[in-house]
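See below for the structure under consideration.
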Amino acid sequence: MKKIIFVYGNLPAYRKDFFTNLSKELEANGIEMKVFYGYIANKVVKQDDSNNYKTRKFETVKKSLKLLSFSKMVGLPQAIKEEKPDGIIFQFNQTNISQWQVLRYCKKNNIPYAIWGCNYTRADLKGWLSKIRERIYHYIYRNAKILIPYGTLYRDYFINLGIPKERVVVAQNTINVEAIVDNHKEIPAKDSTNRSLKILYVGALAWQKRIETSIDAVAALIDENYNVTFDIVGGGSELERLKSHLSQKSEKAQTGITLHGAKYGEELTDFFLKADVFLMPGTGGLGVNEAMAYELPIISTHGDETVYDLIDGNGYLLQNFGDKDEQMRRLKEFISLSREEKNAMGKKSRSNILSRASLKNMVNSHLNACKKLIEE
């Protein structure tokens, strides 16, 4: 039996269904799958501990210099040598020394590798740092046997680099949207009087998400006497800074905008069911998938490049990350729609996510990529 190892920075809980289903499909095709992932000691992160497929975890140790930080997954290179895989699929992080060691091992032993992920621009890197990052990734891409982008935008990026299209397998990044649809076949009707608008964001709160710009946009709408509210659901490094940012807005705006922190299970579901529209101003993506499964219209950037393929008659694709004025303009356009038009957008959202980014589609695409990776 052939063996493929996924090397993953961490193992988030939302990957459970994907890896469980993919493992079964690969085994049926004579391929054993293992997931090697990193974890940070003393840091509580919601990860998949289901044991539904074969995994091995490695402690991640970080070291910071003046301009850059580096990490390593302790014991990863030796574990790879012991496994002797027929192929490796990375969610590659160029600051992870252990992953570079594994790449060197692949080259020395003629083991094919694939790169799976998105190609969002690091807005916090400028000038020569940004150019170095790009050149390093170009080197890695060109030496990979298979590339597995999240969507067509990244596929075209690869092809423009001169990478043959047969080496690129699009696997639209998603979650188990089928399960959401099965559990919520009928979404409760929204307020037919159309007197107010409930805006929702769900996701990690990190700098690149640009949530402060959405706070600015919604606060301005509230100050212009639009009857809107904004629920921001998620935890992360930016939570306290965003609370401070919100505290500088008018009292009326502070009443209409709420930072809820992280929510899970039925409590999180309730936010999706009660919202009118989902807003994402920066990077990210899977929150959009979840919102679409709950029949929410979407106002979003292309995020981590997945949303680009999902906005078609179900909302508005923002052209600029963190642009307050563009968000305000699109929100005003959405507010002006009739309830019937908004509901139609929501129905289109569910249709789009099931046809373009179902879990089944993602598993099948990865199965295809794995077969290509290890074929002679």
Query raised in the report: How about region 164-196: which of its residues are among the basic types (Lys, Arg) and assigned by TED's automatic domain parsing to the domain that holds Ile298?
Result: Lys185, Lys190, Arg195
**Report entry** Candidate set: region 315-342, residues that are crowded, with 18+ Cβ neighbours inside 10 Å and not hydrophobic (A, V, I, L, M, F, W, C); chosen: the one nearest to Ser196 (Cα to Cα)
**Finding:** Lys342
Requested in this report: State whether the residues of region 260-271 include one that is at negative phi, in contact with a helix residue (DSSP H, G or I) (Cβ under 6 Å, 6 or more places away or on another chain) and at pLDDT 95 or above.
Outcome: no
Requested in this report: Please indicate, with yes or no, whether at least one residue in region 71-81 is crowded, with 20+ Cβ neighbours inside 10 Å, β-branched (Val, Ile, Thr) and assigned to a strand (DSSP E or B).
Outcome: no
Query raised in the report: Across region 235-247, what is the number of residues that are at pLDDT 95 or above and either basic (Lys, Arg) or touching a helix residue (DSSP H, G or I) at 6+ places or on another chain (Cβ under 9 Å) (or both)?
Result: 6
**Report entry** Test for Ile89: is it in the same structural domain as Ile148 (by TED's automatic domain parsing), touching a residue at least 12 places away in the same chain (Cβ under 8 Å), of a type in the set (A, V, I, L, M) and assigned to a strand (DSSP E or B)
**Finding:** yes
**Report entry** Filtered residue count, region 343-353, keeping only those that are surrounded by fewer than 17 Cβ atoms within 10 Å (Cβ to Cβ) and in contact (Cβ under 8 Å) with a residue 40 or more places away in the chain
**Finding:** 1
Query raised in the report: Which of the helices (runs of 4 or more DSSP H) contained wholly in region 213-300 include at least 3 residues that are closer than 27 Å to Ala344 by Cβ?
Result: 265-274, 286-293
Report task. Give the number of residues within region 232-268 that are surrounded by fewer than 19 Cβ atoms within 10 Å (Cβ to Cβ) and under 23 Å from Phe334 (Cα atoms). Result -> 4
Requested in this report: Considering each of Ile199, Ile159 in turn, give the residue that is in the same structural domain as His302 (by TED's automatic domain parsing), under 23 Å from the mean Cα position of the chain (by Cα) and among the β-branched types (Val, Ile, Thr).
Outcome: Ile199
Report summary line: Restricted to region 31-52 and to residues being surrounded by fewer than 20 Cβ atoms within 10 Å (Cβ to Cβ) and within 24 Å of Ser358 (Cα to Cα), the residue modelled with the lowest pLDDT is Lys46
Report task. Report yes if Leu286 is assigned by TED's automatic domain parsing to the domain that holds Val202, farther than 19 Å from Lys190 by Cβ, crowded, with 19+ Cβ neighbours inside 10 Å and in contact (Cβ under 8 Å) with a residue 60 or more places away in the chain, otherwise no. Result -> yes
**Report entry** region 314-342: number of residues that are in a loop (DSSP other than H, G, I, E, B), more than 19 Å from Glu290 (Cβ to Cβ) and touching a residue at least 24 places away in the same chain (Cβ under 8 Å)
**Finding:** 4
Report summary line: Of the listed residues (Ser365, Ser351), the one being among the polar types (S, T, N, Q), within 27 Å of Phe18 (Cβ to Cβ), in a helix (DSSP H, G or I) and assigned by TED's automatic domain parsing to the domain that holds Val35 is Ser365
Requested in this report: Determine if region 23-38 includes at least one residue that is small (Gly, Ala, Ser), assigned by TED's automatic domain parsing to the domain that holds Asn364 and in a helix (DSSP H, G or I).
Outcome: yes
Query raised in the report: Would you call Ser300 of a type in the set (Ser, Thr, Tyr) and either surrounded by fewer than 22 Cβ atoms within 10 Å (Cβ to Cβ) or modelled with pLDDT under 95 (or both)?
Result: no
Report summary line: Residue hits (region 1-30; touching a strand residue (DSSP E or B) at 6+ places or on another chain (Cβ under 8 Å), more than 29 Å from Phe70 (Cα to Cα) and crowded, with 19+ Cβ neighbours inside 10 Å) are Leu22, Ser23, Leu26
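The values are calculated or read from the model by the stated rules, or taken from the named source; none is laboratory data. Remember, predicted model here, so these are calculated numbers, not experimental data. Note that each Cβ is placed from the backbone with ideal geometry, even for glycine, and that neighbours are counted across all protein chains shown.
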